[in-house]
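Here is the structure we will look at, set down as structure tokens.
Readers should treat all values here as calculations from the given coordinates under stated rules, not as data from a laboratory. In this text, all values refer to a predicted model and were calculated from it rather than measured experimentally. For neighbour counting, all protein chains shown are included, and Cβ atoms are generated from backbone atoms with ideal geometry for every residue, glycine included.
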């Protein structure tokens, strides 16, 4: 007899803050367990935005099939609803191929909404209200708009960066339409997953993580982040696009426009990325079911991999390379 639980699709998920080391571990895990990787990053969907979003390289993607990368141009308004819809379809297709679907990323709302089947359509929309908020943004600035959200929905304001205009306005719109803050909508969602879920989170000593973030940004600059941003602007992608407001793109754009010195732009980018990592960890800490693995001892990669493999083997499936 097939039980309800056994009928669920298996889903492996690896989350954690930026620069914690998800990519390297995910490739090894995917090879051991016969996975296909679905990117759980809201920015990696955009073509031409490679360095600033820290996409897996072409060589890395040649090792393991990756999905949800390079599927839209930077002027496309990608949404959590589309992420859910596409990912659900991919999970079915990957499972039908006899492979294990593997979500890897750091966009908390996207990943949690997929894992637990959140619904976002009930609030509806109010185009006039959105236009009012856009006008407010242009006249008062992004911080003033963010402060409006903080007044009515502090938890949502805490997890959204002020330059994430689209999601800040959507959160204001939800509260305007329903009278209930988005954070309460999310808290009221059912917390039972439609999947046979194995959630693993990577964590690290905070100061070590911050050092890795700063080193990564220096590496991004060496790899051509400035040239990448210049190229996108030459292609006509405006500074007000959600994609161009992403970490790295916004700060480098401000430098290219003469609004920041080079030194100030890099200092600001490193600060903003550290704050982003803090918000990521805060989000994931509030998710249930995550098995946390501390990867602070970066020289013990094999040990961390073994720990993670044991968690997966105990929850979902034995890896192809396991004999014990």
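Here are some notes:
- Counting every C-alpha pair in region 127-186, the share spaced more than 15 angstrom apart comes to 39%.
- Label-to-label distance for residue 289 and residue 131 is 4.2 nm, based on points extended 7 Å past Cα in the beta-carbon direction.
- Stretching the chain fully between residue 93 and residue 119 yields a gain of 7.2 nm (0.36 nm per residue, less the alpha carbon separation).
- Compared with the direct C-alpha span, the chain from residue 316 to residue 268 gains 13.1 nm at full extension, assuming 0.36 nm per residue.
- With an a/c value of 1.5 or above and a/b larger than b/c for the gyration tensor axes a ≥ b ≥ c computed over the alpha-carbon atoms, region 64-152 is described as prolate.
- Here, region 228-319 yields an orientationally averaged convex hull projection of 9.4 nm² when only Cα atoms define the hull.
- Rg then Dmax, both in Å and based on the Cα atoms of region 90-224: 18.7, 54.
- Spread of Cα-to-Cα distances over 10 Å intervals beginning at zero, given as percent, for region 1-154: 9, 32, 33, 17, 9, 1, 0
- Here the calculated FRET efficiency for residue 196 and residue 65, from their Cβ-Cβ distance with R0 = 25 Å, stands at 0.75, rounded to the nearest 0.05.
- Under 16 Å from a label point set 7 Å out along the Cα-to-Cβ vector of residue 73, the amide N atoms of region 192-235 belong to 231-235.
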